[in-house]
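The values are calculated or read from the model by the stated rules, or taken from the named source; none is laboratory data. This structure is a prediction, so every number in the text was calculated from the model and none was measured. Cβ: placed from backbone, ideal geometry, glycine included. Neighbour counts: every protein chain shown. Surface areas here come from the heavy atoms of the whole protein model, side chains and all, with no ligands, DNA or RNA. Shrake-Rupley method; radii C 1.70, N 1.55, O 1.52, S 1.80 Å.
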Amino acid sequence: MTDTAVKANLLGMTKPQLEEFFESIGEKRFRAGQVMQWIHHFGAEDFDAMTNVGKALREKLKACAEIRGPEVVSQDISSDGTRKWVVRVASGSCVETVYIPQNGRGTLCVSSQAGCALDCSFCSTGKQGFNSDLTSAEIIGQVWIANKSFGTVPGKIDRAITNVVMMGMGEPLLNFDNVVPAMNIMMEDFGYGISKRKVTLSTSGVVPMIEKLGEVTDVSLALSLHAPNDELRNVLVPINKKYPLAVLLDSCKRYITRLGKERVLTVEYTLLKDVNDQPEHAEQLIALLKEIPCKINLIPFNPFPHSGYERPSNNAIRRFQDLVHKGGYNVTVRTTRGDDIDAACGQLVGQVMDRTRRSERYIAVRQLAAEAEQTPTASTRN
Ligand code: SAH
Ligand code: SF4
């Protein structure tokens, strides 16, 4: 192989893919498990570290393969233990990954795309437009980087990351072919060994892909609902115009019922002041979800520049929570973590090379609106 030939990146390969790879280079399939352990358990970046792989095979691997994660641009650690990484992916854009330690758990929030094409009205990722799908190596690479930051050393498998949520930047179901293998590596024993219940995919509601997901995996599902009726959801989550609530909830119900009795859908509901936080919204929500086995997670809106939305008062948040709780639901409020490093939900900004030029248009429109508000009403000319 010449230097210019593309090397196979083993980081993003599932066990069956890696077995196939070894077979294709004339080696035994069991090498897949060995190499996966070096990569994911011990954070190996090069083949020389792999002491139970013979020198000849290591040399062969060096010539045709590599272990390449996204480039770490920065790592911040918050005073509350939250960690945030900005990583650069092949398209040149940067995405963010966040680690949140809480109550003995360690949850890693992983990005699936640079930007997002779906343009939910209250989401800063959406406002940046879309640039690229992450490869499976770039997705699992975020777990790999985070895991290594906890000092993984040969002979010691850290369990700092107990849960993974696909709730970073991007819509995971619009990057299905890369997200599914990456989630498989998260759950695979030779990968990160995380239980299927503790790997959660969050979607804004790409119905055909929820159906497809149910055919290939049994990870936990979260639905970004945010509105209890179609009229409001069409505004907040525009993909609702294509897949309205009735078909969406039907599809989520099918997915979750298939997983068995004890599994429930997580419903995410970002609370926006005076938009979806009123008692009537709580009542509608109670009625809407009555057939769905679910728990509800309220996310107080995290502001970002030019958003046009506000976070409700603590009283309004509590009032909404109480009403939904009285309606018979398990309902929690997501606390904001990592405030000092801008790591909260919806504040992940990365640096997206916007192909849609939506971000420019968005800022221009907001500025015009702000200027219009400041201009005194023109006096009536006689
Ligand atoms: N695209 C997927 C996953 C990423 S977003 C989805 O929409 O589900 C992760 C969660 O954060 C979603 O529920 C999203 O609606 C919410 N979110 C986005 N912007 C937010 C903001 N500014 N404040 C609070 N939550 C936000
Ligand atoms: Fe995309 Fe999710 Fe943000 Fe909507 S909330 S724009 S689907 S990342």
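Could you tell me whether LYS156 is modelled with pLDDT under 95, of a type outside the set (S, T, N, Q) and more than 21 Å from PHE301 (Cβ to Cβ)? Yes. When residues in the range 124-136 are screened for being among the β-branched types (Val, Ile, Thr) and either more than 12 Å from ligand 2 (Cβ to nearest atom) or assigned to a loop (DSSP other than H, G, I, E, B) (or both), 1 of them pass. Of the residues making up the range 108-135, those that are at pLDDT 95 or above, among the polar types (S, T, N, Q) and within 10 Å of ligand 1 (Cβ to nearest atom) are SER111, SER112, GLN113, SER121. Looking only at the range 282-308, filter to residues that are among the charged types (D, E, K, R) and out of contact with any Gly (no Cβ under 9 Å at 6 or more places or on another chain); which one of those is modelled with the lowest pLDDT? Here the answer is GLU291.
If only residues of the range 94-123 that are open to solvent by 10 Å² or more (accessible area, probe 1.4 Å) and within 11 Å of ligand 2 (Cβ to nearest atom) are counted, the one that is farthest from ARG334 (Cα to Cα) is ALA117.
Here is a yes/no grid of residues against (1) within 18 Å of ILE296 (Cα to Cα); (2) modelled with pLDDT of 95 or more; (3) not hydrophobic (A, V, I, L, M, F, W, C):
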| residue | (1), (2), (3) |
| --- | --- |
| LEU201 | yes, yes, no |
| VAL206 | no, yes, no |
| LYS212 | no, yes, yes |
| ALA222 | yes, yes, no |
| TYR243 | no, yes, yes |
| LYS253 | yes, yes, yes |
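The single condition from (1) within 15 Å of ligand 1 (Cβ to nearest atom); (2) under 30 Å from GLY308 (Cα atoms); (3) not basic (Lys, Arg) that ILE139 fails is (2). Selection of strands (runs of 3 or more DSSP E) fully inside the range 137-256 by the criterion of at least 1 residues being open to solvent by less than 50 Å² (accessible area, probe 1.4 Å), within 26 Å of ASN276 (Cα to Cα) and not aliphatic (A, V, I, L, M) returns 199-203, 220-224. When you check THR270 against the structure, is it under 26 Å from ARG319 (Cα atoms), within 16 Å of ligand 2 (Cβ to nearest atom) and in contact (Cβ under 8 Å) with a residue 60 or more places away in the chain, yes or no? So THR270 fits the description; yes.
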